[in-house]
Amino acid sequence: MDCLVHADALAWTQAGQARFKTNVFMKLIDADYVVVGSGLAGLSAALKLAERGRVLVLTKKAANATNTSYAQGGIASVTAPDDSFEQHVADTLDAGAGLCDADVATKIIEHAPVCIEALEAMGLRFSRSEDGAGGRYDLGREGGHSARRVLHAGDFTGRHIQDTLLDSVAKTPSIRVLQNHMVIDLITTGWIGVDGENRCIGAYVMNSESCEIMAVRAPHVILATGGAGKVYLYTSNPDVATADGVAIGWRAGVPVKNMEFIQFHPSCLFHPEAKSFLVSEAVRGEGAKLVDVEGVPFMNAYDERGALAPRDIVARAIDSEMKSRGVPSVYLDIRHQPEAFLKDRFPNIHSTCGRFGIDMAKDLIPVVPAAHYCCGGLEADLNGHTAVPGLYAIGEVACTGFHGANRLASNSLLEAIVCAHELAASLAEIPVDFDGAKYTIPDWESGDAVHSDEAIVVEHNWNEVRTCMWDYVGIVRTDKRLERALRRIQNLRGEIRDYYLDYLITPDVLELRNIADVADLIVRSARSRHESRGLHYTLDYPEAADNPVDTVIRDVAGQTHPSHESIRAGR
Ligand code: SIN
């Protein structure tokens, strides 16, 4: 009997393995610019750079599977006559709680109108107000803004932006988009053993359908990979948001900054079947109150700005209400607005709530906070340049100093497009004199790696990293919780590393490795901040320190540089 069970199990294993794809090394592609990511930052950069050379865009799923596509709120930009750049900068710095770079904020905010024009020139239509015979925008209001200044396209802003950009890309012959291609690690001259300045010259890339591997070689590699929401168990982000850019940039030697500042969006729909669905802050901008189950508003007890206080304050207040009352959610109440208005202004939210049996005009909407935006990231300047020449970071993957300790609502799409344009302008100044042939890229070698017969480890560790981050590194932190998280994440990283080296790799393993590396960076950053500021709130140090400083992690805590041990190409 034992023997039969064993034979049976073996047959199952072999049948399972026959379905596995192998990591055959296929080819080398040369380009002038490689852009990793196909959201607003990546495609805006690609379109600008295509004026000067061949652009290869790599995106790990379909080209429209991006955080951008999910953005509901819109883009903050000063357009109203009674608003001003100074006021938008002041609101940004106020939300950022002492850690914004005022010069960066001023430049980004002043560049906004030009970028809005560029999107409109591509065909994007922002919503206009009915009485705006002169073509005035219908401006939304969100938390922390002292004026209405958010341009939107209904509540489908991101989707319209994504479609508009993809249409333009499709008409641009010098851009090639490879969908279902995921970067494994970057290739630097230091790693291939070339003397002189260490620079980025390309990447190893996996076809996420076949698991075949190829290399790309280029003088300029731009990371525009978006967010890190999937590091946490509950998030507003789509499945692609696995912090890939921060992880691969970090492994290539770029310092990371302010990773402890994870923004939790106060209002994700609370329903067992509504995966990650956001109820935009713009709903509060149209007067929705945050209330308890009896319909009693509670936000004014926490902040005089009520439900439109900055997100860190609102998310913490909700967390406190839920924990002190022992309830699974709080509610949004927008029943004062007529049905017709809600349908017109929030078609997506209205119909999604309706699908789950919630009528926005008549019912309270159950909401909970969820991980939404990573304010830290790869240290980069306004032009996206990082400490590693040839490697750039734009959009959510970067930390430019714009968001400080807490991002102001609808400033993220703004940063993504402005920094993409600025990066392209800065690269136009650099002559393309890169002789790729000088650099021999080693073939990917799988060594002794075999097909995994225990992929369950990936599933298990995936859940464990995300649960650990949610439980111990969430909205309210303590030294003890962070210590616990550090121990667990470091154990998990060890297991994941062994798994990565022992078995042929798959996209799931790559994503797991990335979320675990970034979880570690978040915990280490949080542990080093001995104060509460912006999105980092700890019961052990509840006050803000007098002199705010950035958290920058420059080394890898005495370990061997990970890219040296983890890229398995022969040399
Ligand atoms: C929202 O619509 O509430 C999200 C906007 C943002 O995160 O900036």
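Some observations on this one:
- In summary, ALA437 fulfils each of the numbered conditions (1) outside any loop (DSSP other than H, G, I, E, B); (2) at pLDDT 95 or above with the single exception of condition (2).
- Residue within the stretch 253-265 that is polar (S, T, N, Q), more than 14 Å from the ligand (Cβ to nearest atom) and under 22 Å from GLY376 (Cα atoms) present: yes
This table checks each residue for (1) within 16 Å of VAL418 (Cα to Cα); (2) at pLDDT below 95; (3) acidic (Asp, Glu); (4) within 15 Å of the ligand (Cβ to nearest atom).
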| residue | (1), (2), (3), (4) |
| --- | --- |
| GLY96 | no, no, no, yes |
| ARG128 | no, yes, no, no |
| GLY134 | no, yes, no, no |
| ARG141 | no, yes, no, yes |
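- For the stretch 496-518, the criterion of being surrounded by fewer than 19 Cβ atoms within 10 Å (Cβ to Cβ) and free of Cβ contacts under 8 Å to residues at least 24 places away in the same chain is met by at least one residue.
- Residue list for the stretch 61-75, restricted to those being within 16 Å of the ligand (Cβ to nearest atom) and not hydroxyl-bearing (Ser, Thr, Tyr): ASN67, ALA71, GLN72, GLY73, GLY74, ILE75
- Residue satisfying condition, being surrounded by fewer than 24 Cβ atoms within 10 Å (Cβ to Cβ) and either within 16 Å of the ligand (Cβ to nearest atom) or not in a helix (DSSP H, G or I) (or both), within set VAL78, VAL89: VAL78
- Which listed residue, of LEU414, LEU427, is crowded, with 21+ Cβ neighbours inside 10 Å and under 26 Å from ALA203 (Cα atoms): LEU427
- Here is the figure for the stretch 30-74: residues that are β-branched (Val, Ile, Thr) and under 12 Å from the mean Cα position of the chain (by Cα) total 2.
- Tally, over the stretch 143-202, of residues that are part of a helix (DSSP H, G or I) and under 21 Å from ALA45 (Cβ atoms): 14
- Residue satisfying all of: in the stretch 412-453; under 23 Å from CYS100 (Cα atoms) and among the small types (Gly, Ala, Ser); farthest from the ligand (Cβ to nearest atom) among these: SER426
- Restricting attention to the stretch 229-245, the residues that are within 14 Å of the ligand (Cβ to nearest atom) and either of a type in the set (Gly, Ala, Ser) or under 12 Å from THR68 (Cβ atoms) (or both) add up to 5.
- Residues satisfying the stated conditions in the stretch 382-402, i.e. within 21 Å of the chain's Cα centre (by Cα), in a loop (DSSP other than H, G, I, E, B) and either on the phi > 0 side of the Ramachandran plot or without any contact (Cβ under 8 Å) to a residue 24 or more places away in the chain (or both): GLY384, GLY401
- Segments classed as strands (runs of 3 or more DSSP E), wholly inside the stretch 14-71, with at least 3 members that are at pLDDT 95 or above and under 19 Å from ALA420 (Cα atoms): 33-36, 55-58
- Strands (runs of 3 or more DSSP E) fully within the stretch 234-336 counting 3 or more residues that are under 18 Å from the mean Cα position of the chain (by Cα): 262-269
- Qualifying residue in the stretch 201-217 (condition: over 20 Å from TRP444 (Cβ atoms) and either touching a strand residue (DSSP E or B) at 6+ places or on another chain (Cβ under 8 Å) or more than 16 Å from the ligand (Cβ to nearest atom) (or both)): no
- Given (1) within 16 Å of the ligand (Cβ to nearest atom); (2) at positive phi; (3) not hydroxyl-bearing (Ser, Thr, Tyr), index of the condition ALA370 fails: (2)
- None of ALA340, ALA361, ALA409 is assigned to a loop (DSSP other than H, G, I, E, B), away from the ligand (no atom under 16 Å from the Cβ) and either within 23 Å of the chain's Cα centre (by Cα) or free of Cβ contacts under 8 Å to residues at least 60 places away in the same chain (or both) except ALA361.
- Exclusive hit being without any contact (Cβ under 8 Å) to a residue 24 or more places away in the chain and either within 12 Å of the ligand (Cβ to nearest atom) or surrounded by fewer than 21 Cβ atoms within 10 Å (Cβ to Cβ) (or both), set SER324, SER276, SER280: SER324
- Of the residues making up the stretch 107-128, those that are assigned to a helix (DSSP H, G or I), more than 23 Å from the chain's Cα centre (by Cα) and either surrounded by 14 or more Cβ atoms within 10 Å (Cβ to Cβ) or touching a residue at least 12 places away in the same chain (Cβ under 8 Å) (or both) number 4.
The values are calculated or read from the model by the stated rules, or taken from the named source; none is laboratory data. Just so it is clear, the model here is predicted, and its values are computed rather than measured. A quick note on method: Cβ atoms are made from the backbone with ideal geometry, for glycine too, and the neighbour counts reach across all protein chains shown.
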